[in-house]
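Heads up, the thing below is written out as structure tokens.
Values quoted throughout were computed directly from the atomic coordinates according to the rules given, and no laboratory measurement underlies them. Predicted model only: the values in this text are computed from it and were never measured. Here Cβ is always computed from backbone atoms with ideal geometry, including for glycine, and neighbour counts include all displayed protein chains.
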Amino acid sequence: MKEKIAYFFIFLFLASCNGQNKKVNDCNSKETVIEKISEINEIKIKQKYIDSISNKTRGVSYIIDEVKKINGKEFYVVKTGVNGKSRWESFYTFYVNKKNCNDICVDNPITGEIITLVEWRSDKKIKNKKMEEKKIGFSDLFRESEIIKFTPNDLNNNNQTKEFKRKLEIFEKQNPSIEDFDIENLTILINNETFSNSEGYIDSSWLNYFIKKYKIEVFKMVDLMTLAIKQEDYNAIKVLVNNHFIVSLIEMQNVKETKDKSLKMIKLNKNNKGLDENGDPTFYESEKSKINDIEIFLKEKFFNNKIDDSDGYTNLRESKTKESKIIEKILTGEKVEVLDNTSNWLLIKTKSGKKGYINKSKLTTK
């Protein structure tokens, strides 16, 4: 019987929130509680946190606004995070025994349970191990409505990017080649800032990163360019062009359609107070429109497409093969009109008005 009683008291001791035999330290003020939480290693590394909106370094903020009873004992509820430029970004919620500052628990973000610090740290190790074993999707890296202003160059010198970097490494390990990578993923990286109901933002350097990482072929970027024009993402368009995208008549038509829609939205904002024909808000922010800049930029590229062949000329062919009939020889430096860029063979129109195919390697915009 005595042994059972002894085991019972040992169990009660181990079940305390920190499970450690430390000297009792009365929490006689909220300042004492905050000081205790600030000593926890997981909070110390957050002291130079980069606010995701302002991109500025901010220290940890603490909120103690309630008391919670756990197993009959009163605990301060301490919420930690950073008070950013336009919102509160949460870290962890701790529970500190009002009678003993060394008795600390924490919310388990996975189960919602209140557990000890020791259990919490053990769970994090298990979680990291499971992360390496489970499939990481592209949407695990870039979640909907997320704001990502950091760039690939920031991954090694920013505490905020530590978890992101680990996920990225796992994703790339699981998807080592272009055969494993779904190019449609990149549509997530095209921003839509001209509409106020679009909350997310991802720095365009990530689009550039994955295009280069997986050596994405130029003709496979056509859908990305179409979306970038439609959403007026000027930075994404420049990234695509800088990765040798060839501007064709398709893009010029898309620009015209987008510009027509933009002008219609601007008119609605002016005459109909931002409401469409059905009385619903358009959410279109005229002052953020980039379509005029996009039009100027793409027109310049379109009208500067010209032949570049070390032989001094290239063959205009009847179909998309080297064996097909030669229609005309086009001299190096001659400007041509690209009608279709959806394959490695470009459908073009020469200055003489003849139409045919050339390999994309025989054309430049420089």
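Remarks
- Given 44/173; 273/299; 256/360; 149/215, the pairs whose alpha carbons are separated by over 28 Å: 44/173; 273/299
- Residue-span extension gain [residue 179 to residue 39] - 0.36 nm each, minus C-alpha spacing: 45.7 nm
- Anchor residue 301: aspartates and glutamates whose Cα lies under 20 Å away (excluding residues fewer than 8 positions away in-chain): 217, 223, 232, 233, 251, 257, 293, 309, 334, 337, 340
- Alpha-carbon centroids, the range 206-281 and the range 286-348: separation in whole Å: 20
- Pairs exceeding a 20 Å alpha-carbon distance, out of 220/354; 335/366; 329/362: 220/354.
- When you filter the GluC sites (Glu not before Pro) in the range 300-366 for DSSP loop state and at most 11 other Cβ atoms inside 10 Å of their Cβ, you are left with 323.
- Filtered trypsin sites (Lys or Arg not before Pro), the range 132-212: DSSP coil and at most 13 other beta carbons within 10 Å: 134, 135, 143
- Considering only 350, 361, 332, the residue lying farthest towards the positive end of the dipole of the range 306-364 is 350, judged by Cα position with unit charges set on Cβ.
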